[in-house]
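The values are calculated or read from the model by the stated rules, or taken from the named source; none is laboratory data. None of these values were measured; they are calculated from a predicted model. A quick note on method: Cβ atoms are made from the backbone with ideal geometry, for glycine too, and the neighbour counts reach across all protein chains shown.
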2 protein chains.
Amino acid sequence: MTTVATSARERMLLAKDASRSIGLLDGATKEQLLHAIAARLEADTDDIVAANAEDLERGREQAIGDALLDRLRLDRPRVAALADAVRAVAELPDPVGRVLDERVLPNGLRLQKVAVPFGVVGTIYEARPNVTVDIAALALRSGNAVVLRGGTAAERTNAALVRSMRGALSELGCDPEAVQTVDEFGRDGARELMRARGIVDVLVPRGSAQLIETVVTESLVPVIETGAGVVHILVDASARADWARDIIVNAKAQRPSVCNAVETVLVHRDAAERVLPGVLAALAEAGVTVHGDESVVRMHPAAVPAGEEDWATEYLSLDLAVRVVDDLDDALEHIRRYSTHHTESIITEDPGHAERFLAEVDSAVVMVNASTRFTDGGEFGFGAEVGISTQKLHARGPMGLAELTSSKWLARGDGQIRA
Amino acid sequence: MTTVATSARERMLLAKDASRSIGLLDGATKEQLLHAIAARLEADTDDIVAANAEDLERGREQAIGDALLDRLRLDRPRVAALADAVRAVAELPDPVGRVLDERVLPNGLRLQKVAVPFGVVGTIYEARPNVTVDIAALALRSGNAVVLRGGTAAERTNAALVRSMRGALSELGCDPEAVQTVDEFGRDGARELMRARGIVDVLVPRGSAQLIETVVTESLVPVIETGAGVVHILVDASARADWARDIIVNAKAQRPSVCNAVETVLVHRDAAERVLPGVLAALAEAGVTVHGDESVVRMHPAAVPAGEEDWATEYLSLDLAVRVVDDLDDALEHIRRYSTHHTESIITEDPGHAERFLAEVDSAVVMVNASTRFTDGGEFGFGAEVGISTQKLHARGPMGLAELTSSKWLARGDGQIRA
């Protein structure tokens, strides 16, 4: 149980080594392992809460602010919720071993493409200790070892969580080295993790746009980008006014701090007078500050005049940019320019416009007549979410356990040679 | 038709723009487009051969060597073969629009995950002008625009090929900017291409291990690594002697210069006396030089003593490293250490050993009782091959047209909002 590794690289090599045995566990054993982790986290609640108190104390001394302190806090109910989340992941179907393709060559060689674990999943994230457990549970459930690099502010909490999870691995006779943290190596730990090509198989950054940008730019390990959401809703000329109102209020105000919340509403000129007043009134009632272009400000004097930067901003707050567009092409052009390719939705009664929007908008999720808040692994029925990928390679949109697997081809022959 | 772009970046932006209309073409139009390209290449044969003559002349002046000159040469039969290859790609099923997943949420929201083009595919390769046409055809068939950066030695040939393909696009009323070369910008062209994150969606390097390493290390654009093959065959204790002989000779000598050719044979100690003499005699007859460990050299005095570097070498020639191992674990350990994760095969009559090998070897393709030469898009029935991926993200093993697509989620609702 004692970690003797003295460098981040050594830790990662231990994880690589452990990934071999973890990758061969059957589904039932991995399920059992996650239940053991959940139980152990509950049993270790006092330790975890005590470690967290030290981090909180340091955070207060450093005046990191109430919002960060709240994210950092792990009290008893939150530890219990974490354990429950691990149990939920335990119950998901095993993503490993699925047969993805199958063919028999004319010479009788039997090919199977099967889902296999990546090996070692790395993650770099900020001061949310719940990510430590979430990602470790998802990685282990899909047969991977995991290397964690969390924010310095949560270092002691993360260490306690990792100790607890490693304890559960040992209890079950699994290799505890499958869960590693490189937190105590500071910036060097993050740097080594980004350079560990050949040891770490995939790196998932979770956090601010800046953190993600740094990882994307510096990492030699392949990255899955979970990006920001400058999310658009287009109110088409034919939009139903009630749907426009309900969908926009829901997409903005139900939970404004998340990446699938809408940030910009575009309104077709021909719908502006008919639909906008109702939308703006409902937004005002929900406490939303509208940042509008000239047409919007004329109709709604409470609106703040919007500048160029508003179209590119992910507010993550009760702020919303609103712009009147000339037509569908104008809207598509705006979206091409400012979208982060996360989610866009059109509200329309025109099937032709709906299909053009679905075909031409280049985003992970494109919707018709629905709230952008549905872009979510839980809502999509994946049972858990690793993140929402805004890149096109490997995974796009909400990522579940399947996205933490790779594949390999198995070929079974009886002496076939190539002519 | 005249290209007015004055920088590599401008070229790439034109490709990005063109990717929108190319991505919306239906399957029949893309098929027609590829037939038009094939016809145009044939019609432009004189131009292409003349441009190639200039490259060859310069190559001779610079004494680049016979092997490179041969790769560079595009005579009339080779142009005809290129056109035929484009026609073969034209006939492949459209990879775009396939429904990859489908679900209806409890609230009635209908989700579909569909295959979509990446957008812009970039490629950096060496002096093989056939890659120019191969990759462009594969990219266009899968609805992508393409940015090409070939070797300087083939610059004029590539320019003629690109001119010809752009001519075919224009003839059919498609945007010719969908095919771009950045060759004339030299090293800057390659550098800009590797930095074009957000413009180019995926970059596929094709060529030497050094070229691939450079691209993997420097590129900010996501890369699909098509790697080298230090490919192993393990002759297990129970191996059939005739299969061992036929498979090893086929895997080494049928075409030694390719990445799926075997480079190291491991022989279980208990099979050495029974199986090796026949294998070594057949290899000698095929003109293969064996680099053996001590046991092998004792049995086969013609063998060159192998050193550490032999185990890590991709010979790509009629050379083969041969080592006697103690048991399956010893073999797996050797493979873990030296494999490039391309293809490995075991020759065995022991089903338990076969399944352990399949499960534990971490390579793109793992075989039992078959020649490693089958790792090939054509052999796998993909109809065409973009390359053989040795990475785990997005694509692993032979890549066909499907691997040049991403996906997107379409959500069709009637007013759904999140509770």
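Examine region A:218-231 for a residue that is out of contact with any strand residue (DSSP E or B) (no Cβ under 8 Å at 6 or more places or on another chain) and either within 30 Å of A:Val116 (Cα to Cα) or buried (at least 24 other Cβ atoms within 10 Å of the Cβ) (or both), and state whether such a residue exists.
Checked region A:218-231: at least one residue is out of contact with any strand residue (DSSP E or B) (no Cβ under 8 Å at 6 or more places or on another chain) and either within 30 Å of A:Val116 (Cα to Cα) or buried (at least 24 other Cβ atoms within 10 Å of the Cβ) (or both).
Tell me, please, whether a residue that is over 26 Å from the mean Cα position of the chain (by Cα) and not basic (Lys, Arg) can be found in region A:219-229. Walk me through it before giving the result.
Step one: filter region A:219-229 for residues over 26 Å from the mean Cα position of the chain (by Cα), giving none.
No, region A:219-229 has no match at all.
What are the residues in region A:380-400 that are of a type in the set (D, E, K, R) and surrounded by fewer than 21 Cβ atoms within 10 Å (Cβ to Cβ), if any? Steps first, answer last, please.
Of all residues in region A:380-400, those of a type in the set (D, E, K, R) come to A:385, A:392, A:396.
The one that is of a type in the set (D, E, K, R) and surrounded by fewer than 21 Cβ atoms within 10 Å (Cβ to Cβ): A:Glu385.
Taking only region B:181-198 into account, find how many residues are in contact with a helix residue (DSSP H, G or I) (Cβ under 7 Å, 6 or more places away or on another chain) and surrounded by 21 or more Cβ atoms within 10 Å (Cβ to Cβ).
So the count comes out to 8.
For region A:170-180, which residues satisfy the criterion of being of a type in the set (A, V, I, L, M) and buried (at least 23 other Cβ atoms within 10 Å of the Cβ)?
Residues satisfying the conditions are A:Ala178, A:Val179.
Suppose we filter B:Asp94, B:Asp84, B:Asp55 for residues that are free of Cβ contacts under 8 Å to residues at least 60 places away in the same chain and assigned by the TED database to the domain that holds B:Asn144; which single one remains?
B:Asp84
Here is a list of conditions, (1) buried (at least 19 other Cβ atoms within 10 Å of the Cβ); (2) touching a residue at least 24 places away in the same chain (Cβ under 8 Å); (3) over 27 Å from A:Leu109 (Cα atoms), and B:Val361 meets all of them except one; can you say which number that is?
In the conditions (1) buried (at least 19 other Cβ atoms within 10 Å of the Cβ); (2) touching a residue at least 24 places away in the same chain (Cβ under 8 Å); (3) over 27 Å from A:Leu109 (Cα atoms), B:Val361 misses (3) alone.
Can you find a residue that is surrounded by 20 or more Cβ atoms within 10 Å (Cβ to Cβ), more than 12 Å from chain A (Cβ to nearest Cβ) and not hydrophobic (A, V, I, L, M, F, W, C) anywhere in region B:300-310?
Scanning region B:300-310 turns up at least one residue that is surrounded by 20 or more Cβ atoms within 10 Å (Cβ to Cβ), more than 12 Å from chain A (Cβ to nearest Cβ) and not hydrophobic (A, V, I, L, M, F, W, C).
Of the numbered conditions (1) more than 24 Å from A:Ala239 (Cβ to Cβ); (2) in contact (Cβ under 8 Å) with a residue 24 or more places away in the chain; (3) in a strand (DSSP E or B), A:Glu344 satisfies every one except a single condition; which is it?
(1)
Out of B:Arg71, B:Arg141, report the one residue that is modelled with pLDDT under 95, in the same structural domain as B:Ile212 (by the TED database) and in contact with a Lys or Arg (Cβ under 6 Å, 6 or more places away or on another chain).
Of B:Arg71, B:Arg141, the one residue that is modelled with pLDDT under 95, in the same structural domain as B:Ile212 (by the TED database) and in contact with a Lys or Arg (Cβ under 6 Å, 6 or more places away or on another chain) is B:Arg71.
Residues checked against (1) closer than 30 Å to A:Val114 by Cβ; (2) touching a residue at least 40 places away in the same chain (Cβ under 8 Å); (3) touching a strand residue (DSSP E or B) at 6+ places or on another chain (Cβ under 6 Å):
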position	(1), (2), (3)
A:Arg11	yes, yes, yes
A:Arg40	no, yes, no
A:Arg60	no, no, no
A:Ala67	no, no, no
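Could you give every pair whose Cβ atoms fall below 7 Å, whose first residue belongs to region B:402-419 and is more than 7 Å from every other protein chain (Cβ to nearest Cβ), and whose second residue is surrounded by 22 or more Cβ atoms within 10 Å (Cβ to Cβ) and among the polar types (S, T, N, Q), counting only separations of at least 6 or pairs across chains?
Correct list of pairs: B:Leu404/B:Ser142; B:Leu404/B:Asn144; B:Thr405/B:Ser142.
In region A:257-290, how many are closer than 23 Å to A:Pro301 by Cα and either among the aliphatic types (A, V, I, L, M) or within 14 Å of chain B (Cβ to nearest Cβ) (or both)?
Result for region A:257-290: 17.
Tell me, please, whether a residue that is assigned to a strand (DSSP E or B) and either more than 23 Å from A:Pro398 (Cβ to Cβ) or more than 9 Å from chain B (Cβ to nearest Cβ) (or both) can be found in region A:348-359.
Of region A:348-359, the ones assigned to a strand (DSSP E or B) are none.
No: zero hits.
When you scan region B:239-296, how many residues do you find that are surrounded by fewer than 17 Cβ atoms within 10 Å (Cβ to Cβ) and either touching a Ser or Thr at 6+ places or on another chain (Cβ under 9 Å) or in contact (Cβ under 8 Å) with a residue 40 or more places away in the chain (or both)?
7
Taking interchain pairs and intrachain pairs at least six residues apart, which have beta carbon atoms under 8 angstrom, with the first residue in region B:23-35 and closer than 9 Å to B:Val96 by Cα and the second among the small types (Gly, Ala, Ser) and exposed (fewer than 15 other Cβ atoms within 10 Å of the Cβ)?
B:Gly27/B:Gly97
Just to verify a result, which residue in region A:65-109, among those that are touching a helix residue (DSSP H, G or I) at 6+ places or on another chain (Cβ under 7 Å) and under 30 Å from B:Ala402 (Cβ atoms), is nearest to the other protein chains (Cβ to nearest Cβ)?
A:Leu109
Among the numbered criteria (1) closer than 27 Å to B:Tyr315 by Cβ; (2) free of Cβ contacts under 8 Å to residues at least 24 places away in the same chain; (3) in a loop (DSSP other than H, G, I, E, B); (4) within 11 Å of chain A (Cβ to nearest Cβ), which one does B:Asp376 miss?
All conditions pass for B:Asp376, except number (2).
How many of the residues making up region A:385-401 are touching a Lys or Arg at 6+ places or on another chain (Cβ under 8 Å), more than 7 Å from chain B (Cβ to nearest Cβ) and not in a strand (DSSP E or B)?
The number of residues fulfilling the criteria is 2.
Might you let me know whether region B:211-222 holds any residue that is more than 8 Å from every other protein chain (Cβ to nearest Cβ), closer than 20 Å to B:Ala321 by Cα and at pLDDT below 90?
No, region B:211-222 has no match at all.
Any residue that is more than 8 Å from chain B (Cβ to nearest Cβ), aliphatic (A, V, I, L, M) and in contact with a Pro (Cβ under 6 Å, 6 or more places away or on another chain) - is there at least one of those in region A:312-329? Outline the logic, then answer.
Step one: list which residues in region A:312-329 are more than 8 Å from chain B (Cβ to nearest Cβ), which gives A:312-329.
Now restrict to residues that are aliphatic (A, V, I, L, M): A:312, A:316, A:318, A:320-322, A:324-325, A:328.
Still in the running and in contact with a Pro (Cβ under 6 Å, 6 or more places away or on another chain): A:318.
Yes, region A:312-329 contains a residue that is more than 8 Å from chain B (Cβ to nearest Cβ), aliphatic (A, V, I, L, M) and in contact with a Pro (Cβ under 6 Å, 6 or more places away or on another chain).
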